[in-house]
Amino acid sequence: MTAAPVSWTLDHLTAREVAVPAMRQTIRALYAEAYAEEPYLRTEADAREWEENILPRHLAEPGFRLVFARAREGSTPLGFGFGAPLGPDTRWWSGMVDPLPEPMTVEDGLQTFAVHEFAVRTDLRRTGLGTAMHAALVGPWTGTRTTLTLRPSSAAAVGFWDAQGYRSVGFSRHFPVAPLSTMMLRDHDHDHDHDGDGGRPEE
């Protein structure tokens, strides 16, 4: 028997709202579920480490924004995505295996929005929720492009972000022993991206 489609709501949360302990724990639980699978295989301990040491750094970034997905009935957490603009002092492009031309890597806080984390519950993938979350996250951005990194060995991630209009511009390592990531870039289409609550999921 096919499960009934889930209707969702998308909330925009500030860094202060995300920093509330109950919300941080909810975000951590979603993170742990999304990254437990291959190729990430992150544990509950990894998720706690991320919540305690990495998430606060993102919350401190100027222009931080987070989209939180929850079921319209019952408010069950379904996913989240967050990011922030790249400022003049960003090291985002410094880990490129093959350095990009300087005009592509000079940032001023107004040009490029970086999607740092994006997680959807496994049973709600390929329902349209991820696409709605992405549109809600980057739709308000007034700059010219968005960027993210992904693990090239994750076929699901590659397929999803390709469908959102991102293209590879090379490979990156954020630190010397980090796994190789694909650096993705997308021209920001103000007419195509829009903000909304997602409503009934669509393909």
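The values are calculated or read from the model by the stated rules, or taken from the named source; none is laboratory data. Here the structure is a predicted model, which means the values were calculated and not measured. Using ideal geometry, Cβ is built from the backbone for each residue, glycine included, and neighbour counts are taken over all protein chains shown. Protein only, heavy atoms only, side chains kept; ligands, DNA and RNA dropped before computing areas. Shrake-Rupley method; radii C 1.70, N 1.55, O 1.52, S 1.80 Å.
Under the rule of -39500 (n - 2.57) per DSSP H run of 4 or more residues, summed and divided by the residues of the chain, what mean residue ellipticity at 222 nm is obtained, to the nearest 500 deg cm²/dmol? Walk me through the intermediate numbers first.
Working: 7 runs with 52 residues, N = 203.
When only DSSP H runs of four or more count, the value is -6500 deg cm²/dmol.
Evaluate the charge dipole of the chain about its Cα centre and quote only its size in Debye, nearest 20, assuming +1 on the Cβ of each Lys and Arg and -1 on the Cβ of each Asp and Glu. Intermediate results must be reported in sequence, preceding the final value.
Values: 19 positive and 28 negative charges, 62 e Å.
Magnitude of the dipole: close to 300 debye.
I'd like the orientation of helix 21-34 relative to the chain: the angle between its Cα long axis and the longest Cα principal axis, in ° from 0 to 90, rounded to 10.
The answer is roughly 80 degrees.
Mind telling me which of P103, P88, P140 comes out most flexible in a GNM of the chain, alpha-carbon contacts under 10 Å?
Greatest mean-square fluctuation among the candidates belongs to P103.
For the chain, with all protein chains present and a 1.4 Å probe, just round the carbon and sulfur fraction of the accessible area to a whole percent.
Numbers: 5720 of 10840 Å².
Carbon plus sulfur share of accessible area: 53 percent.
Of F171, F118, which has the most accessible area and how do the rest follow, probe 1.4 Å? Show your work: numbers first, answer last.
Details: F171 90, F118 35 Å².
From most accessible down to least: F171, F118.
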